[in-house]
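Colleague: Following this message is one structure expressed as structure tokens.
No value in this document is a laboratory result; all are computed from the given coordinates. Quantities reported herein were computed from a predicted structural model and do not represent experimental measurements. Heads up, the Cβs are rebuilt from the backbone with ideal geometry, glycines too, and the neighbour counts pull from every protein chain shown.
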Ligand SMILES: *Cc1c(COP(=O)(O)O)cnc(C)c1O
């Protein structure tokens, strides 16, 4: 027997993490569900055992009862049957969107908590899970590199949301509150504070300076007499943007323009929704040019220079850690550096990282003691990850102002679990529904007490305490460092690297049939693949080819699920996001004529997109690589489709100008 290697030891922990592709861990889950359901029932019975059962023990024999049960069973069976058409996220044959199997600790904790039905809007409705939510915020803060000890005055704070979309709204809300508050202090003329000189300065402070001013104001209030305190609070409140609304606030400060949100072209559409929701308007979302699907740092600088020249405030600069379409990671470090440079020149703005997808990759960067791992130590486990750029980006997370992370994506938890985390919790006072100016103090108990009325601070009202329990227990069972939770993202990175290598081999082997390229090296665990039948020069025809391929790789409710061999997804490459040079490079490698870009059906390039998050893609138990199997399958389909498409492709070749404008 060979000695147990660390890799083998690792994989055995992972064995217990999920229900499994075959439902291998069914007994474990069943045991947990039954055990804790019984436990819940005992809890009910032990509340006041002297109360007699309200439902008669003979009730189940009554025809009405039986009719109800029959109807319920019938509907449940129909539902269960219909759900068999669901997308098989659990299967290693599923490499489409950002979904996979669910972590057992989270699933079990959520099922266990559901019958207690805690409502995390406040501790009155969730005496247990509201504390867990605050703890989850601290767990995530530690993963990101924020201060996460509530005894530290500038400790981070995080809470759950229904998803990344709402977490991104929360980031916009906080950014707006932080920019506008110093203006309100100035307008109210609060004495004794080190106030900025004018509205422009007040509106464009460095986020740290804005928080410092808020803390000063609170200290000032604390020493004022109760009457004075009430008077000044009311006066400042009357000047706040939250009181006046955008229209009233900007009318009162005609020197200020409505601020812009800077986000990369590849940003998720929640940013557009958020700008509309806040009443800023879609026009206030300025999309930053990119280079190879990552923020172009020079273009960011140029944009900020222009903003400064035009006295155009910036609400926030958004960097994406793991773009939804390509998994690429923006140079967060460079965006933070830009924040410092421009704040020094009078254009302050916060940096928000949209890590809804990529957030949990940060576990790979954390030692068990919470410190940052050196790049070499991480790189030793992988072929190419993390690139120096990716390492610098993730290492800089702790210097950003807020982050969105989705436990229901790379956290492998059920939907309804996004998270918003801000670097310094003191800014959250600005979001409180009831004026909450004075801090309780600097002990962990004060911090907890403050956030027990969570509904004061969050965008939502009533919300699931069960979802919170799922996230909390998962983070306890698998702490957010490389040795524990990190095993999961490590597995996905390995699968993505295997996929990348296999895609390159596919391109070689299939050179006679299709030209195939991986358009850019993956930053994380998404791998894109562009294909064009040999001989075709037109983008629109290549797109039609990839779309036909994708038709075979997606759910078709009219056909039995078992007919499907594999699931993939598609996305598009837009010249605006790629930049001119990259676009030409990729089209050239595919043998496509750039002049056909812009024809009907060809304004962007359609490519295959693969999300390699299933933990069993590389099945060591049976020596199967589902990545290899997928590419074998793809080769067969490409050959068949290219044979069909052949005549059209050569038509296009014979009449190169015919379809051009
Ligand atoms: C998924 C995603 C979102 C939106 O999150 P939801 O949980 O779907 O609301 C936002 N940003 C990025 C980068 C994402 O990947």
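Colleague: How many nm is it between the label spots at residue 13 and residue 624, if each spot is 7 Å from the Cα in line with the beta carbon?
Modeller: Calculated label separation equals 2.6 nm.
Colleague: Between residue 640 and residue 504, what is the FRET efficiency for a Förster distance of 25 Å, r being their Cβ-Cβ separation, to the nearest 0.05? Display every interim value, and only then the final one.
Modeller: Values: r = 22 Å, r/R0 = 0.89.
Here the calculated transfer efficiency is 0.65.
Colleague: Now a separate question. Between the stretch 481-497 and the stretch 64-117, what's the alpha-carbon centroid distance in Å?
Modeller: 27 Å
Colleague: What is the stretch 222-359 by shape, rounded, prolate or oblate, if you read a ≥ b ≥ c off the alpha carbon gyration tensor as root eigenvalues and call it rounded for a/c under 1.5, prolate for a/b larger than b/c, and oblate otherwise?
Modeller: Since a/c reaches 1.5 and a/b is larger than b/c, the shape of the stretch 222-359 is classed as prolate.
Colleague: Now for a separate question. Based on other C-beta atoms within 10 Å, arrange 474, 211, 443 from fewest to most. Walk me through the intermediate numbers first.
Modeller: Values: 474 29, 211 23, 443 11.
Lowest to highest Cβ neighbour count: 443, 211, 474.
Colleague: Now for a separate question. Can you tell me, using C-alpha contacts under 8 Å and at least 6 residues apart, the relative contact order of the chain as a whole percent?
Modeller: Over the chain, the number comes to 19 percent.
Colleague: Rg/Rh for the stretch 129-449: what does it come to with C-alpha atoms and Rh from Kirkwood?
Modeller: 0.96
Colleague: With r as the distance between the Cβ atoms of residue 392 and residue 51 and R0 = 60 Å, compute the FRET efficiency 1/(1 + (r/R0)^6) and round to 0.05.
Modeller: Efficiency, rounded to the nearest 0.05: 0.45.
Colleague: Could I ask something else about it? Hey, how much of the P(r) for the stretch 488-652 falls beyond 27 Å, as a percent of Cα pairs?
Modeller: Beyond 27 Å sits 24 percent of the P(r) for the stretch 488-652.
Colleague: Calculated from DSSP H runs of 4 or more alone, at -39500 (n - 2.57) each and per residue, what is the 222 nm mean residue ellipticity of the chain, nearest 500?
Modeller: On the way: 22 runs with 299 residues, N = 661.
One gets -14500 deg cm²/dmol as the mean residue ellipticity at 222 nm.
Colleague: Next question. Evaluated at 25 °C with a viscosity of 0.890 mPa s, what Stokes-Einstein diffusion coefficient in µm²/s does the stretch 1-137 have when Rh comes from the Kirkwood expression over alpha-carbon pairs?
Modeller: Result for D is 126 µm²/s.
Colleague: Using a 10 Å cut-off on Cβ atoms, rank the peptides 632-643, 122-133 from the highest mean neighbour count down.
Modeller: Result, highest mean first: 122-133, 632-643.
Colleague: Spin-label point model (7 Å from Cα, Cβ direction): what's the residue 563 to residue 462 distance in nm?
Modeller: Between residue 563 and residue 462, the label points sit 4.2 nm apart.
Colleague: How big is Rg to Rh over the stretch 126-192, alpha-carbon atoms, Rh as the Kirkwood inverse-mean-distance radius?
Modeller: Radius of gyration relative to Kirkwood radius: 1.09.
Colleague: Roughly how far apart, in whole Å, are the Cα centres of the stretch 527-558 and the stretch 186-210?
Modeller: Result: 55 Å between the Cα centres.
Colleague: Taking one equal scatterer on every alpha-carbon of the stretch 304-462, how large is log10 of I(q)/I(0) by Debye at q = 0.15 1/Å?
Modeller: Debye intensities relative to I(0), on a log10 scale: -1.00.
Colleague: Would you calculate the separation in nanometres between label points at residue 65 and residue 237, each defined as 7 Å from the Cα along the Cα-to-beta-carbon direction?
Modeller: Computed distance between label sites residue 65 and residue 237 equals 5.5 nm.
Colleague: Can you compute log10 of I(q)/I(0) for the chain with the Debye formula, treating each Cα as one identical point scatterer, at q = 0.09, 0.10 Å⁻¹?
Modeller: -0.85, -1.01
Colleague: A further question on this structure: Quick one: work out the % antiparallel among DSSP beta bridges in the chain, nearest 5. The partial results should precede the final answer.
Modeller: Numbers: 30 of 46 bridges.
Expressed as a percentage, antiparallel bridges in the chain total about 65.
Colleague: At 0.36 nm per residue, and after removing the present C-alpha to C-alpha distance, how many nm does the segment from residue 35 to residue 85 gain when stretched out fully?
Modeller: 15.0 nm
Colleague: Using per-residue counts of other Cβ atoms within 10 Å, averaged over each peptide, order 225-234, 291-300, 578-587, 45-54 from highest down.
Modeller: 291-300, 578-587, 225-234, 45-54
Colleague: For residue 554 and residue 376, FRET efficiency with R0 = 35 Å and r from the beta-carbon atoms, rounded to 0.05?
Modeller: Details: r = 41 Å, r/R0 = 1.16.
In this case the efficiency is close to 0.30.
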